[in-house]
Amino acid sequence: MKVKIHKQDGSASSKSVALSEAIFGVEPNDHAIWLDVRRIQANGRQGTHKAKEKGEVAGSTRKLYRQKGTGNARAGSAKSPVRRSGGTMFGPRPRNYGIKVNKKTQKVARRSALTYKAQSEAVRVIEDFSFDVPSSKALKGLLTALELGGRSVLLLTASHSLPIARSGQNVPKVTVRNAQDVSTLDVMSAEIILVQQGALESLEQQLG
C-alpha cells in the first residue's frame with residue numbers, strides 16, 4: 001500500500017512511500033489485540049486500595065452489653081463488621097494487577113492494530129520535522145493544515161523529541177509517541193495515525 005508524503009505545511013508532495021506489508025498488511029489477530037490492551041490497562045492499575053478490617057478500625061474491644069437478658073442479639077466488640085463504623089469484611093487489599101503477555105504476542109497485536117488503521121485509510125505520513133522550542137500553536141497549525149483539527153491523532157516521531165512531545169501536551173485529542181515506544185492501546189485509541197517518514201523505519205526495525 002502506497003501513501004502520499006505530506007509536507008509540514010499540510011500539502012501533499014510528489015513523493016509517496018510504500019507501507020511495509022509485514023507491519024501494515026498482516027492478517028489481524030483480534031485476540032492478540034485484546035490480550036495486549038488488557039495487559040497495558042492492568043499494568044496501569046496502582047492496586048493501592050485498602051479498607052480497614054476489624055482489627056484496624058479505632059474503637060474499644062469491650063463487650064457492649066451482657067450476653068443474656070437484654071433481648072438483643074449477642075454482641076461483642078463495637079468494631080464488628082456488622083455494626084456501623086465497624087471494620088470491613090473481605091475489603092480490598094493492596095495487590096498487583098499486572099499480567100504478562102509474550103513479546104511475540106505484543107508485536108502481533110501492534111501489527112494487527114496498525115493493519116486495521118491502514119485498511120481504514122487512517123494512516124498519514126509526513127516529512128520529518130522538529131521544533132526548536134515547544135509550541136502548541138505550531139502543532140495545532142500543522143494539524144489544521146492536514147485537516148486533522150479536532151480529531152483524535154496519534155503522532156509518531158522518528159526519535160524522542162522533547163519540544164514536540166511538550167507541544168502536544170496542551171493540544172486536545174493529540175498524543176505524541178516515539179515510534180519505538182508506541183503501544184497497541186495508543187494505536188487503537190487514535191482515530192488517525194500521523195507518522196513521520198523516519199518513524200516508519202523505526203517501526204520496521206521494531207516490528208518488521
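The values are calculated or read from the model by the stated rules, or taken from the named source; none is laboratory data. None of the values given here were measured: they were computed from a predicted structure. Neighbour counts run over all protein chains shown; Cβ positions are idealised from the backbone, glycine included.
Brief remarks on what is shown
- From the options THR88, THR105, residue that is farther than 30 Å from VAL125 by Cβ and of a type in the set (Ser, Thr, Tyr): THR88
- Candidates PRO28, PRO94, filtered to the one that is exposed (fewer than 11 other Cβ atoms within 10 Å of the Cβ), closer than 30 Å to SER183 by Cβ and either in contact with a Ser or Thr (Cβ under 8 Å, 6 or more places away or on another chain) or modelled with pLDDT under 95 (or both): PRO94
- Filtered residue count, the range 9-47, keeping only those that are farther than 23 Å from ASN102 by Cβ, among the aliphatic types (A, V, I, L, M) and in contact (Cβ under 8 Å) with a residue 12 or more places away in the chain: 3
- In the range 160-175 there is at least one residue that is closer than 23 Å to ALA109 by Cα, at pLDDT 90 or above and in contact with a helix residue (DSSP H, G or I) (Cβ under 7 Å, 6 or more places away or on another chain).
- Just so you know, in the range 192-208 the residues that are over 23 Å from SER135 (Cβ atoms) and surrounded by fewer than 19 Cβ atoms within 10 Å (Cβ to Cβ) include one that is modelled with the lowest pLDDT, and it is GLY208.
- Qualifying position, being free of Cβ contacts under 8 Å to residues at least 40 places away in the same chain and under 16 Å from LYS117 (Cβ atoms), among ALA179, ALA199, ALA165, ALA138: ALA179
- Flag for LYS54 being among the charged types (D, E, K, R), over 24 Å from VAL123 (Cα atoms) and at pLDDT 95 or above: no
- Exactly one residue among ARG110, ARG151, ARG124, ARG166 is among the charged types (D, E, K, R) and in contact with an Asp or Glu (Cβ under 6 Å, 6 or more places away or on another chain), and that residue is ARG151.
- The residue list VAL17, VAL57, VAL26 contains one member that is under 25 Å from the mean Cα position of the chain (by Cα) and hydrophobic (A, V, I, L, M, F, W, C), which is VAL26.
- Within the range 57-102, being β-branched (Val, Ile, Thr) and either more than 28 Å from GLN41 (Cβ to Cβ) or in contact (Cβ under 8 Å) with a residue 40 or more places away in the chain (or both) holds for VAL57, THR61, THR70, VAL82, ILE99, VAL101.
- Those residues of the range 141-162 which are within 16 Å of GLU191 (Cα to Cα), hydrophobic (A, V, I, L, M, F, W, C) and in contact (Cβ under 8 Å) with a residue 60 or more places away in the chain, in sequence order: LEU146
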